[in-house]
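I have placed the structure first, in the form of structure tokens, so that the comments after it can refer back to it.
The values are calculated or read from the model by the stated rules, or taken from the named source; none is laboratory data. Since the structure is predicted, the reported quantities are computational estimates derived from the model, not experimental observations. So basically every Cβ, Gly included, is an ideal-geometry build from the backbone, and we count neighbours across all protein chains shown. Please note that ligands, DNA and RNA were not included when accessible areas were found on the heavy atoms of the full protein model with its side chains. Shrake-Rupley method; radii C 1.70, N 1.55, O 1.52, S 1.80 Å.
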Amino acid sequence: MSLELTRDPAHLRHGSNIGQPLTRRDGVLKVKGQARYAADNHPPAMLYAVIAVSTIARGRVTSLDVDAAKRYPGVVDVMTPSHKPPLAEDPDGKPNPFAFKMELLQNDEVRYANQAIAVVIAETLEAATEGAALLSPQYHIEPARVGLDGAESYAPPVVGIGNPAEVRHGDVDVALAGASNRIEATYETPAQYHNAMEPHAMVASWDGDKLSIDTPSQGMAMAQMRLGGLLGIPPVNIHIRSPFLGGGFGSKGLVSGPQVLGIMAAKLVGRPVKLVLRRDQMYGPVGHRPPTRQTLRIGTDGEGRLTAIDHHAKVTTSTFDDFYEPAADASHTRYASPAIKTSHEAVRVDTGTPLFMRAPGEATGSIALESAIDEIAVACGMDPLDFRLKNYAEVEPISGKPFSSKALRQCYAKGAERFGWAGRPLAPRQMRDDDGFLVGWGMGTATFPALMFQAQARAVIRSDGSGVMESGAHDMGQGAWTALAQIAADGLGLGIDQVEFRSGTSDLPDAGIAGGSAHTATAGAAIHNAGAAVIAKLADLATNDEHSPLFGAGNAGVIAREGRLFRRDDEARSESYADILTRAGVAEIEASGGGAADPAAQSSYAMHAHGAVFAEVKVDPELGQVRVTRLVGAFAAGRIINPRLVQSQLFGGMIWGVSFALHEEAVMDHRSGRILNANLAEYHIPVNADVPSLDVLTVDEHDPHVNALGIKGVGEIGVTGSAGAVANAVWHATGVRVRRFPIRIDDLLTRL
Amino acid sequence: MNFSISLTVNGVRREIELDDPRVTLLDLLRERLDLTGTKKGCDRGQCGACTVLVDGRRINSCLALAVSQDGADILTIEGVAHGDQLHPVQAAFIAHDAFQCGFCTPGQVMSGIGLITEGQAGDDPERVREGMSGNLCRCGAYAGITEAVLEAQNTLANSDQRRSA
Amino acid sequence: MMNFDYVRPLTVAEAVAAASEKGATYLASGTNLLDLMKGGVCHPSRLVDVTRLPGLDRVEYLADGGVRIGALVRNADLAHDAEFARAFPSVAEALLSGASAQLRNAATVGGNVLQRTRCAYFYDAPSACNKRWPGAGCDARHGENRLHAVLGWSEACIATHPSDFCVPLVALDAVVEIEGKSGRREVALEALHRLPGDTPQRETLLERGDLIVALRLPAEARGFAAHARYIKVRERTSYAFAVVSAAASLRIEQGTIREARLALGGVAAKPWRARAAEQVLAGAAPDAAGFREAARIALADAKPSGDNAFKIELAERIVVRALTLATAGTPARIPALPGSPFSSGVRHVA
């Protein structure tokens, strides 16, 4: 049965698990190297598959020396467009908006560098690797279209997931014409690649028309659907194990082409196959954050009140599919302005299709918007925090809807206090440390929508008094194994050690996608509801049993706590789960629950998490090297399930902000369209020494509207605000406004 | 061409027949000895996920040919704990939430053990940060990692003192 | 990685003989070579594993005050050798500013000297590169080249040498001991690496079969121990190659620079000794104006090879910084962030 939670349930569950800073329940496995990631699997008779990738960005493969590869000792087979198992569906089809096109050796076309052009399958990894090198592909090369100016631009049909590409609220042109203070500035952000530490991996075994796979997935049910369609088998025939992801950040949300090629290779050779991407092969077929060029025009009245925000973003997408980074949409929610316009234009270039990457749109858009807000505050002669407070949005600016909750003012106050913002000089280049380094302080506002997808869970209470909670959730590091178990324990009215939490495989109830910072909220709601449903069943058993001390309590209701049901109006009367079930002669009872957005609440309220990030940087006054020395973030994100894990998530997001502002950038050769730093030595992500001091505060926030548990999600908000805060701190340290990210030594050196 | 090598892996001496000189120490551990705790993040010495101790020193096992390690003493993440008794670095990683996805964690733990053995960082957080900078963590668990290594170093120093007292 | 023949000789003579065949190359720890082989940049047909050669893993302090560093000494071991770090602090600091602790534990000093450029086009096998394929052209020359050479480059090649270690070594007149088919010989480290000219594929003076067996620093190099620094600007705080670096060593007596040693990294195909700058420093007072003049002279011949004019300005400033910090004195202990601008104050130069 399935039961939806009401806001005033007949039966309450009380627990003390939610809110506790438990250490990770999978911690011991992880520190002992026993957590099994996809590539750690090795079924009997397994072969190794290695992808050969194109070195051109556009054109056709005219020849492959398959014979040379096949002759190589240990090579078993070579999968090519002319030798491959058939697919049931065109991988370039778009059966649903979340199906992105993938290259599965259907033809000889090359549409980006690092695209798969063949797969070599061998007895050893070494032989497969060498076999792939021996293919020596020849190409017909066409000129690559590269970068934001690589082709004619056009207006995309939608951005993000079905958002309108252009949104107008008021008339920005009129407002700008009448503004007392005005800025116009253009910011550029680079292509970025997710670079989860775990490369995409697939270990696939076929048994007739049944498929068993180990692969990292942020959305197993969607992967089953996609794979089922491509392979022509029922989704239920596909068993996915994804207990641990070595990071995803969006790149493992949708099953990628190389993962499917691993499955096809296993089909072709009739043996289990392991296919793991090399690091350089991750720069192409598994998504990226596209480069953007964003122009902001902002106006205020004479008192520093915003009158107009015009945010225009140019983005790239692939030549063959449609994903548009919704960068300008960051201006929809942050600052009160009577006129707001956001618009996008797009350019088709010869890259893999950009996709969701941690805070898609929000990260790119917020670094530009937060920089521009800093610039207009300067133009108004105002402190950046005062400016933000003056333009505080009491309702969502673009829609006029009230916020379901918004403790941003407290975030500003607490963050500023912890950071010591009050002493900040207004003018730049005023502070030096004892060693003579330029010191600057900057801030940014963080927001991220509080989303909900759809999830299911199944709850069981057993006659020994213990519980089981099942939901096929995905732990990519955010801590699903722990946080969802905490929700499960409270949902069942049990201690966490009495609950067996089952997750991470596709045969469990669908927990929805782990993305959009919505997984804990969505799967958590399903778990919460499943718990309510099974407790309701248990209560029915007890209250209808004249031998139970709870007999006749039906109308009063019961409270579930620590493995017992208590009569709500008389807590002296109670009975343990075990006794109820044993007397009833039932081994276990079960019930299901779902989690989904409440459309009524969504249409009435704007739902977002909020935060404020304060950054201190030091800049070498002659050499231009920058180091972030302090970051303080204050966040209000609804109910916090596990403060320890939430702190870690927010730290991680803030480090992504540092990386966005100062480090990461894919460098592409403008002639060949190949990425020149497709590695981890020159594609710089922060190292430990780049992260000296982090401080996170969370502000209590009770949100009765977002979902039953009041969770808003913290996976992505940390990136937003942080990138802008660091960039603004660099300006404050140096007086140099860099509008191209990441900020490099050469951008500062001669302007210091 | 076959190569016979002898390695001590987590205290156990193993005679290994290699049919291929290209096999790296990392691939030997993961694909041939079923020691998959050590991770492959980049395979090019740029991320540290494959860190193991060879003769007591932390190295990137992806850039070491197995055949060249003949005679070496290898310690991997699987050999660090004594049964249920975690190594102080492992315990401190859990206590300080020094990881999220966990993929870089075996390398971080081995690197932390190596750093403490090297004895160069002392209790200086900046030296620990620098010394742990060869281990990338995309989740951004660096603050916890630094705290965990400092705490474990302290724990080990105290237990050494007790032993020598 | 293409297959290869693997041999592990036990004597230097056997090694030299084994490596004298076409296609053979030496393998020490492999931290650079295996990376290149995995990237399809190098395809040796034979690896001559020298890690078991006897006697090459020792640091010997010579009777004359010099030091002889066996080619197989690990980077970390040399940097942490207390006597070495005391006598040659800029070398130790440079070593510790490079790569990561794991790589320093594995990499040998001989290998460090011979590490290949990080030019992305050299690493990108499909790109035209005169090093990999003489005559193919240089895709870096009109490509993404903001980090390429500003000194000593040619139209054929604009790559830089990535070593940190070599920069102070070349400043301190290090000598390379080489064993080859015709016996043992020595060359100055400064002469070991060649500028590209028309033959960038010839990176060093080494001939086929030549094996670096040791590096030597002369006794005079100790004379700079009190005023020696290595400074390296990077795009992240650690674990990154130099954008530009400089090693400065001064012998200061009674407030006057008696002798100066200066070299730059990340600017050319070789560690760049700035002899003309050294000459103007010698006999001068260690002051900002003199340092700026020395920096100007050091970079006088520099020209951008692409989108990298900033490196000339940066190199001048880093020379001034390195000289300033060297004047202030070698720190008692290598800083927490070796080579980093953030490991030392700049107040006195601001």
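If you roll a 1.4 Å probe over chain A with all protein chains in place, what percent of the accessible area is carbon or sulfur? Show your work: numbers first, answer last.
Values: 11720 of 23550 Å².
Carbon-and-sulfur percentage of accessible area, whole number: 50.
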key: Threshold 30 Å² - residues in the range A:429-460 whose accessible area is reduced by that much or more when the chain is no longer isolated, probe 1.4 Å   = A:Arg432, A:Asp435, A:Phe437
key: Shielded by partner chains, the range C:231-265 residues - at least 20 Å² of accessible area, 1.4 Å probe, vs chain alone   = C:Val233, C:Arg234, C:Glu235, C:Arg236, C:Thr237, C:Ser238, C:Tyr239, C:Phe241
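Assuming a viscosity of 0.692 mPa s and a temperature of 37 °C, what translational diffusion coefficient in µm² per second does Stokes-Einstein assign to the protein assembly as shown, Rh being the Kirkwood radius over Cα pairs? It would help to have the intermediate numbers written out before the result.
Working: Rh = 31.9 Å.
Translational D for this selection: 103 µm²/s.
So which GluC sites (Glu not before Pro) in the range A:359-410 end up in coil per DSSP with only 11 or fewer other C-beta atoms within 10 Å?
Working: sites: A:Glu362, A:Glu370, A:Glu375, A:Glu394; in loops: A:Glu394.
When the GluC sites (Glu not before Pro) of the range A:359-410 are filtered for loop state and at most 11 Cβ neighbours within 10 Å, A:Glu394 remain.
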remark   = For A:Arg24, the accessible surface traced by a 1.4 Å probe with all protein chains present amounts, in square angstrom to the nearest 10, to 10
key: Globularity ratio of the range B:3-79, using Cα Rg and 2.2 N^0.38 Å   = 0.96
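Send over the semi-axes of chain A's equivalent ellipsoid, whole angstrom and largest first, taken as the square roots of 5 times the C-alpha gyration tensor eigenvalues. Numbers along the way, then the final one.
On the way: eigenvalues 348, 300, 95 Å².
Semi-axes from the Cα gyration tensor: 42, 39, 22 Å.
State in Å² the accessible area per residue of chain C; use a 1.4 Å probe, count heavy atoms of protein chains only, and round to the nearest integer.
On the way: 11910 Å² over 350 residues.
For chain C, the solvent-accessible area averages 34 Å² per residue.
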task = Could you work out how far the C-alpha centroid of the range A:294-349 sits from that of the range B:1-73, in angstrom?
result = 51
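Taking chain B, how much of its Cα-Cα pair set, in percent, is spaced more than 23 angstrom apart? List each step's numbers first, then the result.
Details: 5052 of 13530 pairs.
Here the long-distance tail beyond 23 Å is 37 percent of all Cα pairs in chain B.
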ask   = In percent, what relative contact order does the range C:1-62 have, based on Cα pairs under 8 Å that are 6 or more apart in sequence?
value = 48
ask   = Between chains B and C, what is the buried accessible area in Å², counting both sides, with a 1.4 Å probe and ligands, DNA and RNA left out, to the nearest 100?
value = 3100
query = Roughly how many Å² of B:Cys62 are accessible to a 1.4 Å probe, to the nearest 10?
reply = 0
query = Per residue in the range C:81-126, which ones lose no less than 20 Å² of accessible surface when going from chain alone to all protein chains (1.4 Å probe)?
reply = C:Ala101, C:Gln102, C:Leu103, C:Asn105, C:Arg118, C:Ala120, C:Tyr121, C:Asp124, C:Pro126
ask   = the range B:88-164: percent of C-alpha pairs farther apart than 21 Å?
value = 18
request  = Please work out the Cα center distance from the range C:25-44 to the range B:96-140, rounded to the nearest Å.
outcome  = 27
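The range A:484-561: percent of C-alpha pairs farther apart than 15 Å?
Details: 1864 of 3003 pairs.
Taking all Cα-Cα pairs of the range A:484-561, the fraction more than 15 Å apart is 62 percent.
What are the equivalent ellipsoid semi-axes of the range C:5-52, built from the alpha-carbon gyration tensor (square roots of five times its eigenvalues), in whole angstrom, biggest first?
On the way: eigenvalues 72, 28, 8 Å².
Semi-axes, largest first: 19, 12, 6 Å.
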key: 20 Å Cα-Cα reach of C:Lys232 towards lysines, excluding residues that sit fewer than 8 places from it in its own chain   = A:Lys618, C:Lys270, C:Lys311
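Name the longest site-free stretch of chain C, where the excluded sites are GluC sites (Glu not before Pro) in a DSSP loop with no more than 14 other beta-carbon atoms within 10 Å. Present the calculation step by step, with values, prior to reporting the outcome.
Values: sites that count: C:Glu21, C:Glu155, C:Glu207.
Formally, the longest exposed-site-free interval is C:208-350.
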key: Cα-only radius of gyration and Dmax that characterise chain C, units Å   = 19.5, 61
key: Cross-link partners of A:Lys390 among aspartates and glutamates (Cα-Cα below 14 Å; sequence separation of 8 or more within a chain)   = A:Asp301, A:Glu303, A:Asp374
ask   = Counting only protein heavy atoms, what percent of the accessible surface of the range C:224-349 is carbon or sulfur at a 1.4 Å probe?
value = 50
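Out of the range B:23-127, which GluC sites (Glu not before Pro) are coil in DSSP terms and have no more than 11 other C-beta atoms within 10 Å?
Numbers: sites: B:Glu31, B:Glu78, B:Glu118, B:Glu126; in loops: none.
Passing sites in the range B:23-127 do not exist.
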request  = Would you mind classifying the range C:12-87 by shape? Square roots of the alpha carbon gyration tensor eigenvalues, ordered a ≥ b ≥ c; an a/c under 1.5 is rounded, otherwise it is prolate if a/b is larger than b/c and oblate if not.
outcome  = oblate
ask   = What translational diffusion coefficient, in µm²/s and rounded to a whole number, does the Stokes-Einstein relation yield for the range C:151-278 at 37 °C and a viscosity of 0.692 mPa s, taking the hydrodynamic radius as the Kirkwood radius over Cα pairs?
value = 209
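If you take each beta carbon of peptide B:140-149 and count the beta carbons of other chains within 10 angstrom, what is the mean? Working shown, then result.
Values: counts 18, 7, 11, 14, 5, 2, 4, 0, 1, 1.
Average per residue, whole number: 6.
Once you have the alpha carbon radius of gyration of the range A:407-483, what is it after dividing by 2.2 N^0.38 Å, with N set to its residue count? Kindly include the intermediate steps, with their values, before the conclusion.
On the way: Rg = 23.5 Å, N = 77, 2.2 N^0.38 = 11.5 Å.
Normalised by 2.2 N^0.38 Å, the Cα Rg of the range A:407-483 equals 2.05.
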task = Express the accessible area of the range B:3-79 per residue in Å², computed with a 1.4 Å probe while the remaining protein chains stay in the model.
result = 28
request  = Please state, to two decimals, what the Cα-based radius of gyration of the range C:121-202 comes to when divided by 2.2 N^0.38 Å (N = residues).
outcome  = 1.26
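Buried accessible area for the B:A pair, summed, 1.4 Å probe, in Å² rounded to 100? Intermediate results must be reported in sequence, preceding the final value.
Working: alone 9000 and 27320 Å², together 32040 Å².
By this definition, chains B and A bury close to 4300 Å².
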query = Which whole-angstrom value gives the distance between the alpha carbon centres of the range C:265-298 and the range A:707-752?
reply = 37
Check: the protein assembly as shown dipole with +1 on Lys, Arg Cβ and -1 on Asp, Glu Cβ, in debye = 1720
query = Any idea of the total accessible area buried by the C-A contact, 1.4 Å probe, rounded to 100 Å²?
reply = 3500
ask   = In the range C:5-52, what percent of the accessible surface is made up of carbon and sulfur (1.4 Å probe, ligands and nucleic acids excluded)?
value = 57
remark   = One would report the antiparallel percent of DSSP beta bridges in chain A, rounded to the nearest 5, as 75
note = The lysines whose Cα lies under 23 Å from the Cα of C:Lys38, excluding any fewer than 8 residues away in the same chain, are A:Lys70, A:Lys274, B:Lys39, B:Lys40, C:Lys22, C:Lys131
Gyration tensor (alpha-carbon) shape descriptor, the range A:389-442, a/c threshold 1.5 = prolate
